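Shown next, in structure tokens, is the structure this report addresses.
Please treat every number below as a calculation from the coordinates, not as lab data. Just so it is clear, the structure is predicted and the values come from calculations on it, not from any experiment. Neighbour counts are summed over all protein chains in view; Cβ atoms, including those assigned to glycine, are modelled from backbone coordinates with ideal geometry.
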């Protein structure tokens with residue numbers, strides 16, 4: 001018989017989810033006027049959300065920033081694998097808009113519309129995780 005995964009500390013999961021909210025707040029503040037650094041906060045919000053889900057499932061949190069890799073380690077039959085898979089394109093946001101190219105050029109970042117769609121997507125998933133986690137904890 002397989003052992004149950006270790007029970008996560010609820011305070012850590014809630015802290016990750018609270019940080020998701022803070023990252024989304026930072027991204028929102030950088031949408032209008034558009035600022036390319038909103039992209040980094042979107043990536044951070046997505047990464048922290050995935051890590052909260054991993055913890056809630058008894059998986060370890062790693063220092064990896066690759067959302068696709070973090071999601072791929074979720075159990076294949078777990079519905080969160082597909083739900084969080086939509087966030088995989090945000091992995092590139094960790095660095096794509098933060099640094100100048102070797103020629104000193106900078107990418108402009110996502111449009112305000114794109115950023116707002118990501119904010120809405122991540123916020124909706126985060127709310128769903130909070131409900132799932134609260135239900136599982138009770």
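Among 53, 61, which is the only one that is under 12 Å from the mean Cα position of the chain (by Cα), within 28 Å of residue 11 (Cβ to Cβ) and surrounded by 15 or more Cβ atoms within 10 Å (Cβ to Cβ)?
On the way: 61 fails: under 12 Å from the mean Cα position of the chain (by Cα).
So the residue among 53, 61 that is under 12 Å from the mean Cα position of the chain (by Cα), within 28 Å of residue 11 (Cβ to Cβ) and surrounded by 15 or more Cβ atoms within 10 Å (Cβ to Cβ) is 53.
Please pick out the residue among 136, 115 that is in contact (Cβ under 8 Å) with a residue 60 or more places away in the chain, in contact with a helix residue (DSSP H, G or I) (Cβ under 8 Å, 6 or more places away or on another chain) and surrounded by fewer than 13 Cβ atoms within 10 Å (Cβ to Cβ). Spell out the reasoning first.
On the way: 115 fails: surrounded by fewer than 13 Cβ atoms within 10 Å (Cβ to Cβ).
Of the residues listed, the single one that is in contact (Cβ under 8 Å) with a residue 60 or more places away in the chain, in contact with a helix residue (DSSP H, G or I) (Cβ under 8 Å, 6 or more places away or on another chain) and surrounded by fewer than 13 Cβ atoms within 10 Å (Cβ to Cβ) is 136.
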Log entry, pairs with first residue in segment 53-73 being at positive phi, second being exposed (fewer than 14 other Cβ atoms within 10 Å of the Cβ) and part of a loop (DSSP other than H, G, I, E, B), beta carbons closer than 8 Å, six or more apart or on different chains, reads 58/4; 58/5; 58/6; 58/7
